[in-house]
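Shown next, in structure tokens, is the structure this report addresses.
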Amino acid sequence: MAGSLKDKVVSLAAGKALGHKLREWCAMLKLDVDSKEKVLVLEALPKGELEPIRVELRGYRLMQEGTRTVVEFDSLTTSREWLTRLAETLLPEKRVVLPEGAPVELLKVLV
């Protein structure tokens, strides 16, 4: 993803924040954001794994529902077929309610 300077700065900042939140489960390797195309690509190495995984979120939108912040998306694919199928099963409405304490202000920059 080529992306703008803004996307590169957001990718770096969001990658650090998300990496901190995910450190119990994986090492964050890379986060790329393309705000124009609404594509987010994450690469991480799960603990106990030898190969990193890639997660691609397309058509993302950040929404406010009362006091909750929700991320909706058009598609989610991963570099592991079983993980993509699990996401399709667990997220049939293609949306995730963000937990309390999520860096919502930072995420608003993405949209």
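Just give me the residues in the stretch 67-83 being modelled with pLDDT under 95 and either hydrophobic (A, V, I, L, M, F, W, C) or in a strand (DSSP E or B) (or both), in sequence order.
Step one: filter the stretch 67-83 for residues modelled with pLDDT under 95, giving 67-72.
Within the stretch 67-83, R68, T69, V70, V71, E72 meet the criteria.
Could you check the stretch 27-43 and list, in sequence order, the residues that are in contact (Cβ under 8 Å) with a residue 24 or more places away in the chain and outside any loop (DSSP other than H, G, I, E, B)?
Within the stretch 27-43, D32, V33, D34, V39, L40, V41, L42 meet the criteria.
Of these, L18, L5, L50, which one is touching a residue at least 12 places away in the same chain (Cβ under 8 Å) and either buried (at least 18 other Cβ atoms within 10 Å of the Cβ) or of a type in the set (A, V, I, L, M) (or both)? Spell out how you get there, then give the answer.
Details: L5 fails: touching a residue at least 12 places away in the same chain (Cβ under 8 Å); L50 fails: touching a residue at least 12 places away in the same chain (Cβ under 8 Å).
Exactly one residue qualifies, and that residue is L18.
Any chance the stretch 33-41 includes a residue that's over 18 Å from V9 (Cβ atoms) and of a type in the set (G, A, S)? Even if it seems obvious, please write down each step before you answer.
Residues of the stretch 33-41 that are over 18 Å from V9 (Cβ atoms), as a first pass: none.
Looking for residues that are over 18 Å from V9 (Cβ atoms) and of a type in the set (G, A, S), one finds none in the stretch 33-41, hence no.
Looking at (1) over 11 Å from the mean Cα position of the chain (by Cα); (2) modelled with pLDDT of 85 or more, which is the one condition that is false for V55?
(1)
Answer yes or no as to whether V41 is closer than 20 Å to T78 by Cβ, touching a strand residue (DSSP E or B) at 6+ places or on another chain (Cβ under 6 Å), surrounded by 15 or more Cβ atoms within 10 Å (Cβ to Cβ) and of a type in the set (V, I, T).
Details: closer than 20 Å to T78 by Cβ: yes; touching a strand residue (DSSP E or B) at 6+ places or on another chain (Cβ under 6 Å): yes; surrounded by 15 or more Cβ atoms within 10 Å (Cβ to Cβ): yes; of a type in the set (V, I, T): yes.
Taking the combined requirement at face value, the residue satisfies it.
Looking only at the stretch 46-66, filter to residues that are hydrophobic (A, V, I, L, M, F, W, C) and part of a strand (DSSP E or B); which one of those is nearest to T78 (Cα to Cα)?
Quick first cut of the stretch 46-66, residues hydrophobic (A, V, I, L, M, F, W, C) only: 50, 53, 55, 57, 62-63.
When the remaining residues are screened for being part of a strand (DSSP E or B), the result is 53, 55, 57, 62-63.
Values: I53: 7, V55: 4, L57: 9, L62: 21, M63: 23 Å.
Checked the stretch 46-66; the qualifying residue nearest to T78 (Cα to Cα) is V55.
Can you confirm whether the stretch 84-98 contains a residue that is more than 24 Å from V9 (Cβ to Cβ), modelled with pLDDT of 90 or more, among the hydroxyl-bearing types (S, T, Y) and in contact with a Ser or Thr (Cβ under 9 Å, 6 or more places away or on another chain)? I'd like the intermediate steps shown before the answer.
Of the stretch 84-98, the ones more than 24 Å from V9 (Cβ to Cβ) are 84-95, 97.
Checking the rest, the ones that are also modelled with pLDDT of 90 or more come to 84-95.
From what's left, among the hydroxyl-bearing types (S, T, Y): 84, 89.
Filter again for in contact with a Ser or Thr (Cβ under 9 Å, 6 or more places away or on another chain), leaving 84.
Checked against the condition, which is being more than 24 Å from V9 (Cβ to Cβ), modelled with pLDDT of 90 or more, among the hydroxyl-bearing types (S, T, Y) and in contact with a Ser or Thr (Cβ under 9 Å, 6 or more places away or on another chain), the stretch 84-98 yields at least one hit.
All but one of (1) surrounded by 16 or more Cβ atoms within 10 Å (Cβ to Cβ); (2) in contact (Cβ under 8 Å) with a residue 12 or more places away in the chain; (3) out of contact with any helix residue (DSSP H, G or I) (no Cβ under 8 Å at 6 or more places or on another chain) hold for A87; state the number of the condition that does not hold.
Failing condition for A87: (2).
Could you list, ordered by first residue, the pairs with Cβ atoms under 6 Å in which the first is in the stretch 59-70 and under 21 Å from E37 (Cβ atoms) and the second is among the aromatic types (F, W, Y) and surrounded by 11 or more Cβ atoms within 10 Å (Cβ to Cβ), at least 6 apart or interchain?
G59/F73; Y60/F73
The values are calculated or read from the model by the stated rules, or taken from the named source; none is laboratory data. Just so we're clear, the structure is a prediction, and the values are computed from it rather than from any experiment. Positions of Cβ are generated from backbone atoms using ideal geometry, with glycine treated the same way; all protein chains shown enter the neighbour counts.
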